[in-house]
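The values are calculated or read from the model by the stated rules, or taken from the named source; none is laboratory data. As the structure is a prediction and not an experimental result, all values here were calculated from the model. For neighbour counting, all protein chains shown are included, and Cβ atoms are generated from backbone atoms with ideal geometry for every residue, glycine included.
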Amino acid sequence: MPDNRGSFFDVLDLAVERGLDVRVIFWRPNPEATYVDEGSTFAGSQADRDMLQVRGSRFRIRWDRTHGAFCQHQKCWVIDAGQPSEAAFVGGININPRAMVSPGHAGGGNIHDAYVEVAGPSATDVHHNFAQRWNEASERAADDGVWSHDGDDDLAFPDRLSGTRGSSIVQIQRNVHAGRYRDGRPSPGARSFDVVNGERTIRDQYLAAFEAARSSIYIENQAIAVEAIITGIGNALERGVEVVILVPADPEDWVRVARQEPEHKGLFVKLALLGRHEHFALVGIAGRGGAGGRNNVYVHAKLMLVDDSWATIGSCNLHRNSLFGHTEMNVSFWHPEVVRSLRCELLTEHIGQDTTHIDDRAALRLYRQVAKENRRKRELGDSEWQGLAFSLDPAAYGA
């Protein structure tokens, strides 16, 4: 962890020593999740429990499965739940060596990701989500499904909202597979929600945001692999909306496999058609590597900015598993000043230019120009680029 705070487990153990109530929900994969490498999750194996025993760890754990091969993909922290100092962090960053050891600057590390810190009533909603999931974690009654407690110490749901903080309008969205949780009691001040039938508010809001966009859409995501998402982007392009999508320049293997499968042909045809629009760009980023070269940076962030006014940041990828199966959480916020500031910060990093003096449409046009020129230089073997971004060919992505 940063500032010499030790490992993730050191941070939690030290918090317990200070007298804090520390609880963690870890995902336990089902056998169907064959894409999970051994040791890449903290699933509560005997080796995991032996490590906790040797450490003398006393923070409380519950393990939680989800449906079939899907995963519990939320990445959120709640600090001082229910207290005046309550805050929450929601995003896409995994607590593993690849994400945490790399330098914080995208150009110097191998992964690009994002979290958002929220306080006020929205943090109470994150608290509510944790209590709901903790109380119904699937393994709570299993002999190896809990740590440092007996599985009977359920959490009380929050009974009041935290006080207003700041001026942004903030909303918490989730994707939750049907049948995972049953207690649909509402967050304070909200309506009851039939969570037993599942929730798809992240997916719904992405589609609504595409439809509402009038000026610009900027996306960073691990994958764009659902036809409804590509259709929504295409419809926005037809209205003249400026669109830039940042993805991993080196896609995951399943993207390459899907491109060869006949049933996914329509998806890749639609992706290629996006590239026919003058005001569209698919891009990757690459930082400086050894011997003056460039190394592709893996894009793990999941965020979108619309019209310099609205943004969403969270754990949800724009692929089928995240949109239709995984448990996910995103934070959306309406605040032009905050969204514009985020846009300028991201573009300064990616294209090496200050865009505070131009509007969102001009900024994305500049992004495309810089990325196109950087692509030309890369093909010539010239690594002296401006920024990190370079254009990708939508028709050949994953080929």
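Couple of notes before you dig in:
- Filter result for HIS357 (farther than 19 Å from ARG133 by Cβ and either outside the structural domain of HIS264 (by TED's automatic domain parsing) or in a loop (DSSP other than H, G, I, E, B) (or both)): yes
- The set of residues in segment 153-171 that are under 22 Å from ASP21 (Cβ atoms), in contact with a strand residue (DSSP E or B) (Cβ under 9 Å, 6 or more places away or on another chain) and of a type outside the set (Gly, Ala, Ser) comprises ASP153, LEU155.
- Pairs with Cβ under 8 Å, 6+ apart, first in segment 142-161 and surrounded by fewer than 10 Cβ atoms within 10 Å (Cβ to Cβ), second among the hydroxyl-bearing types (Ser, Thr, Tyr): none
- The strands (runs of 3 or more DSSP E) located wholly in segment 299-349 that include 1 or more residues which are over 24 Å from ALA389 (Cα atoms) and among the polar types (S, T, N, Q) occupy 328-334.
- Of everything listed in (1) among the aliphatic types (A, V, I, L, M); (2) part of a loop (DSSP other than H, G, I, E, B); (3) without any contact (Cβ under 8 Å) to a residue 12 or more places away in the chain, the single unmet condition for ALA399 is (3).
- Restricting attention to segment 232-265, the residues that are farther than 19 Å from ALA286 by Cα and touching a helix residue (DSSP H, G or I) at 6+ places or on another chain (Cβ under 7 Å) total 11.
- Filter result (buried (at least 19 other Cβ atoms within 10 Å of the Cβ) and in contact with a Pro (Cβ under 8 Å, 6 or more places away or on another chain)) within segment 242-279: LEU271, LEU274
- Residue list for segment 66-87, filter: assigned to a loop (DSSP other than H, G, I, E, B) and either surrounded by fewer than 20 Cβ atoms within 10 Å (Cβ to Cβ) or free of Cβ contacts under 8 Å to residues at least 24 places away in the same chain (or both): HIS67, GLY68, ALA69, ASP80, GLY82, GLN83, PRO84, SER85
- Some residue of segment 351-367 being under 22 Å from the mean Cα position of the chain (by Cα) and surrounded by fewer than 20 Cβ atoms within 10 Å (Cβ to Cβ): no
- Segment 120-162, residues that are small (Gly, Ala, Ser), assigned to a loop (DSSP other than H, G, I, E, B) and within 22 Å of ASP194 (Cβ to Cβ): ALA137, SER138, ALA156
- Flag for GLY314 being assigned by TED's automatic domain parsing to the domain that holds LEU364 and crowded, with 24+ Cβ neighbours inside 10 Å: yes
- Only one entry of LEU347, LEU305 meets the criterion of being touching a residue at least 60 places away in the same chain (Cβ under 8 Å) and at negative phi, and that entry is LEU305.
To keep it simple, each residue is scored yes or no on (1) in the same structural domain as GLU227 (by TED's automatic domain parsing); (2) in contact (Cβ under 8 Å) with a residue 24 or more places away in the chain; (3) under 25 Å from VAL118 (Cβ atoms); (4) touching a Leu at 6+ places or on another chain (Cβ under 9 Å).
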site: GLU261; (1), (2), (3), (4): yes, no, no, no
site: LEU271; (1), (2), (3), (4): yes, yes, no, yes
site: ARG320; (1), (2), (3), (4): yes, yes, no, no
site: THR327; (1), (2), (3), (4): yes, yes, yes, no
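- If the condition is being surrounded by 19 or more Cβ atoms within 10 Å (Cβ to Cβ) and under 14 Å from ILE285 (Cα atoms), then segment 376-396 contributes TRP385, GLY387, LEU388, ALA389, PHE390, SER391, LEU392.
- Some residue of segment 220-230 being part of a helix (DSSP H, G or I), surrounded by 19 or more Cβ atoms within 10 Å (Cβ to Cβ), modelled with pLDDT of 95 or more and not acidic (Asp, Glu): yes
- GLU278 passes every criterion in (1) part of a loop (DSSP other than H, G, I, E, B); (2) in contact (Cβ under 8 Å) with a residue 24 or more places away in the chain apart from (2).
- In segment 25-65, of all residues being assigned to a loop (DSSP other than H, G, I, E, B) and among the hydrophobic types (A, V, I, L, M, F, W, C), the one that is farthest from the chain's Cα centre (by Cα) corresponds to PHE59.
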